[in-house]
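Quick notes on the structure that follows.
The values are calculated or read from the model by the stated rules, or taken from the named source; none is laboratory data. The shown structure was predicted, so the numbers you read here are calculated from the model rather than taken from an experiment. Every residue, glycine as well, gets a Cβ built from its backbone with ideal geometry; the counts of neighbours run over all protein chains shown. For accessibility, only protein heavy atoms count, side chains too; no ligands or nucleic acids. Shrake-Rupley method; radii C 1.70, N 1.55, O 1.52, S 1.80 Å.
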Amino acid sequence: MKTYDRVIRGGTVATASDTYVADIGIKDGKIAAIGHDLAKGEEETDARGRIVTPGGIDSHVHMAQVSSMGVWTADDFESGTRSAMCGGTTTTISFAAQHRGQSLRKVVDEYHASAAGKTYIDYAFHMIVSDPNEQVLGQELPALIADGLTSFKIYTTYDALKLSDRQILDVLSLARRHGAMTMVHCENHDAMMWVAEKLIASGRTRPKYHCFSHNMPVEREATHRVIALAEIVDTPVLIVHVSGREAMDEIRRARARGLKVFAETCPQYLFLTQDDLDKSGFDGAMCMCSPPPRDKINQEYVWQGLRDGLFDVYSSDHAPYRFNDPKGKMLHGANANFKKVPNGVPGLEVRMPLLFAEGVLKGRLSLERFVAVSATNPAKLYGLYPQKGAIAVGFDADLVVWDATREVTVSQKMLHDAMDYTPYEGLKTTGWCDEVFSRGELVAKGGNPLAKPGRGRYLAHGPTDATKPLGRSIFPEDISDAF
Ligand code: URP
Ligand code: ZN
Ligand code: ZN
């Protein structure tokens, strides 16, 4: 019997800290050895001259979910995980979204049922908490956290989802007590509504006006406020889908004061701009997401934040609503005002390849940072480490071998989601994932699926240092236990 089920031989192995040439020996779905001249495996992959990274972890995905406007995402667990896998992602963390009045436990059970037997790759859940009532705060959330659902997203906007500052404090202090990670969507709801009403009343209804309503000060203000609320209860917080300079500056300022603030950005802030919402007719709706893409200068800031460590995580925020569809972007027709268009863009299949090609291969981002933000950091922040997110002995053999020479013109036709468009249509790039391995199995090659659905496994989150409070209360010692 051979020692290894597979050896990936002679590749340039990239981790979040080092890059070196080695063979990777895989046994029973795990990385069993890393070294030189490993014994022959049952199967062999020649990776000489090619880069090998950990499979991606996409830690911000909406699939099989009803949006705040009551619209289902186009992708369910089958199409969503197939698409992710074809783009070099081997773990998704998507949301189990509570809508008001719903039991959080029941919601989580429903998402489990919806994913079971459907996924191509391993998956975990965050929760979305929109109704932090007594039952949720007192019983359901603590019990779910104890079961390994240790992260949730909350919102400062969307009528159906937003929490008041008071409710945010309730949730943050619960996160502190139970060791959970709070992810926050930061935009000032009232200010956006005020601007939107004025724009619409004056006839400015086209998709491009979404960017003026969801302007940078509303993102900056809510980011600042949420960080202050987290400071009051002394708990870490993770600001999701940061779009540009102003929110980034708030995060830098907070970190300079020693606060534990984590940050995420997404492909739409690197590869789209606000001009993409100003395409002819209703086409701008294809690129409408919240916060929206900004200008070229902000794109450069976001690249800089990926390089210098401001961003911990690079996720897709895949929120797929078909364009030419009355259950998608055209929910209220092709002339709807921008407030009536479902928010979100797809991106989970292009997430890894675009950052690799446009970031690593063009010298904007080191290979180590690429690995850190796309795999290792999300694994560490969300308690999937040391099973996922690194190339090291004992980890799951979730690996990607890259083709740095493949010339690609991005098109919806090549993607494997359930969408009818990609916002990146026509983008020309060089570099794409080639072989994708999930627990040692070759599941995709050349951007096409090889595996069958149903092989993915659910991952409970384990413990992580990321959720530990600083132990630095703003209150005197004799009253701090009140919080
Ligand atoms: O526009 C977006 N990002 N839609 C998806 C939901 C969210 O806020 O992440
Ligand atoms: Zn959001
Ligand atoms: Zn989202």
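Beyond 21 Å, what percent of the Cα pairs of region 165-306 remain?
Values: 4579 of 10011 pairs.
More than 21 Å apart: 46 percent of the Cα pairs in region 165-306.
Relative to the longest principal axis of the Cα atoms of the chain, helix 296-308 runs at roughly 60 degrees. Rg over Rh for the chain works out to 0.96, using Cα positions for both radii and the Kirkwood form for Rh.
Rounded to the nearest whole Hz, the Karplus-based 3J(HN,Hα) values (6.51 cos²θ - 1.76 cosθ + 1.60, θ = phi - 60°) of region 146-154 follow the sequence 4, 7, x, 9, 9, 9, 8, 9, 10, with x at glycine and proline.
The convex hull built on the alpha-carbon positions of region 400-458 has an orientation-averaged projected area of 4.8 nm². Most tightly packed first, judged by the mean number of other beta-carbon atoms within 10 Å of their residues, the peptides 459-465, 154-160, 412-418 read 154-160, 412-418, 459-465.
Expressed as a whole percentage, what fraction of the accessible surface of region 277-399 belongs to carbon and sulfur atoms when a 1.4 Å probe is rolled over the protein heavy atoms? Here carbon and sulfur together make up 50 percent of the probe-accessible area.
Oblate is the label for region 332-483, because the ratio a/c of its alpha-carbon gyration tensor axes (a ≥ b ≥ c) is 1.5 or higher and a/b is not greater than b/c. Rounded to the nearest 20, the size of the Cβ-charge dipole of the chain about its Cα centre is 460 debye, with Lys and Arg at +1 and Asp and Glu at -1.
Along region 431-438 the Karplus relation, 6.51 cos²θ - 1.76 cosθ + 1.60 evaluated at θ = phi - 60°, assigns HN-Hα couplings of x, 7, 6, 10, 7, 10, 10, 10 Hz to successive residues, with x for each Gly and Pro.
With coordinates expressed along the principal axes, the C-alpha atoms belonging to region 19-154 extend over 60, 31, 27 Å, beginning with the largest. What do you get for the angle between helix 216-233 and the principal long axis of the chain? Use alpha-carbon atoms, 0 to 90 degrees, nearest ten. Result, in degrees: 80.
Along the axis of the charge dipole computed for the chain (Cβ charges of +1 for Lys and Arg, -1 for Asp and Glu, origin at the Cα centre), the listed residues Ala32, Thr405, Pro267 are led at the positive end by Thr405.
The 1.4 Å probe gives accessible areas that order Phe370, Phe262, largest first, as Phe262, Phe370.
Take every DSSP beta bridge with both residues inside the chain and express the antiparallel ones as a percent of the total, to the nearest 5. Roughly 45 percent of the DSSP beta bridges within the chain come out antiparallel.
Considering all alpha-carbon pairs of region 286-359, what whole percent are spaced by more than 21 angstrom? Spell out each step's value before the answer.
On the way: 1008 of 2701 pairs.
Here the long-distance tail beyond 21 Å is 37 percent of all Cα pairs in region 286-359.
When each of the peptides 85-96, 440-451 is scored by the mean number of other C-beta atoms lying within 10 Å of its residues, the order from highest to lowest reads 85-96, 440-451. Taking the C-alpha atoms only, the angle from helix 189-201 to the longest principal axis of the chain is near 70 degrees.
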